[in-house]
Amino acid sequence: MASWRWFCRGEGIRLAKDALCADYNETNMKITVFRVSIILLMIGVISIILENVFYQYVDDNGVLHESFFMPLGVIALLSGGIGLLIVLVKAIWSAIK
């Protein structure tokens, strides 16, 4: 009887709403990290392809000329890979629990 009064006063509804929102926010964060990681991986691959196709050459003096695309590609690939690794570890961890 007391628990019913507690629920009817709105406290039970508020707690249920908070629990549902917490689950939604965590799922939404996983999806966001996954999407950003995929975008970073695509930027990294495109940057490295652009570097190799257009901007990398050796001049007459034997000096290698590179653009900013190679470091940008590597940083984007590493960031995207780390993000996907985090999402994967969290998914495995929540499946184990």
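A short reminder: the numbers here are calculations on the coordinates, not readings from a lab. Everything quoted here is computed from the prediction, not taken from an experiment. Backbone-built Cβ (ideal geometry, glycine too); neighbour counts: all protein chains shown.
Within segment 68-91, find all residues whose amide N lies under 14 Å from a label point positioned 7 Å from the Cα of V45 along Cα-to-beta-carbon.
77-78, 80-81
Using only the Cα atoms of segment 49-88, each taken as one equal point scatterer with no solvent, compute I(q) by the Debye sum, divide by I(0), and report log10 of the ratio at q = 0.18, 0.24, 0.28 Å⁻¹.
Treating every Cα as an identical point scatterer, log10 I(q)/I(0) equals -0.58, -0.77, -0.88.
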